[in-house]
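Below: one structure, written as structure tokens.
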Amino acid sequence: ASPQATATVAGAPVVPADADVRLNEVLAAPHGIDWDGDGTANGEDEWVEVVNVGTNDLNLRGWLLDDIADGGSAAHRILEDAVVPARGHRVFFKRETGLSLNNGGDSARLVRPDGAQADVVDFGASAPDAGWARDPDGTGGWTDRLNPSPGRTNGATGVRATPVAPTAGASTSVP
């Protein structure tokens with residue numbers, strides 16, 4: 001069960017618990033597909049997807065997307081409103097974040113505004129235009145055996161796979 005959302009001020013909108021938002025899918029090795037829809041298939045098509053498994057919308061303004069802690073590319077602070085709808089997804093492309101994921105394996109991290117790590121995945125080498133995704137969507141272990149599905153439920157466009165990593169804990173490593 002998800003933690004209950006709480007209101008911060010009487011009459012204020014309900015603020016979902018941080019546990020409701022997590023990393024859901026990454027694509028580190030774009031090749032021949034124009035994932036971001038800008039008309040060109042290139043390195044800017046890398047992406048990180050966040051999912052909100054809760055029942056209330058969540059604004060990620062002030063949160064950070066990063067790769068390896070204290071290394072890799074510079075962290076990206078989300079300065080604009082970036083609402084992840086309840087039970088929905090939000091995709092962040094490299095052209096927006098500057099976050100550069102290594103094709104041979106890397107980490108993706110979601111960090112709360114207070115600097116606490118909300119979620120992390122350490123993933124292995126990525127095949128061209130293939131990503132790493134949670135299966136089932138938002139809650140399962142990480143696998144590279146699903147077709148990429150930016151902005152959609154994982155596994156919706158491909159065969160479901162056996163996760164290659166355990167589902168417990170906020171930090172997951174996959175080969």
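Things worth noting here:
- Per-region count, segment 28-54, residues more than 12 Å from L99 (Cβ to Cβ), out of contact with any helix residue (DSSP H, G or I) (no Cβ under 8 Å at 6 or more places or on another chain) and either open to solvent by 40 Å² or more (accessible area, probe 1.4 Å) or small (G, A, S) (or both): 8
- The residues listed here are V53, V111; of these, the one that is in contact (Cβ under 8 Å) with a residue 40 or more places away in the chain and farther than 15 Å from N24 by Cβ is V111.
- Close pairs (6 angstrom Cβ cut-off, 6 or more residues apart or separate chains): loosely packed, with under 12 Cβ neighbours inside 10 Å in segment 58-85, part of a strand (DSSP E or B) anywhere: D81/N59
- Filtering segment 35-71 to residues that are under 16 Å from the mean Cα position of the chain (by Cα) and of a type in the set (S, T, N, Q) leaves N52, N59.
- Test set (1) open to solvent by 60 Å² or more (accessible area, probe 1.4 Å); (2) farther than 21 Å from D57 by Cα - D114 fails condition number: (2)
- Residues of segment 117-154 that turn out to be within 13 Å of the chain's Cα centre (by Cα), more than 17 Å from H89 (Cβ to Cβ) and crowded, with 21+ Cβ neighbours inside 10 Å, as a count: 2
The values are calculated or read from the model by the stated rules, or taken from the named source; none is laboratory data. In this text the structure is predicted, and so the values were computed from the model without any measurement. Cβ coordinates were reconstructed from backbone atoms using ideal geometry, including for glycine residues, and neighbour counts include every protein chain displayed. SASA here: full protein model, heavy atoms, side chains in, ligands and nucleic acids out. Shrake-Rupley method; radii C 1.70, N 1.55, O 1.52, S 1.80 Å.
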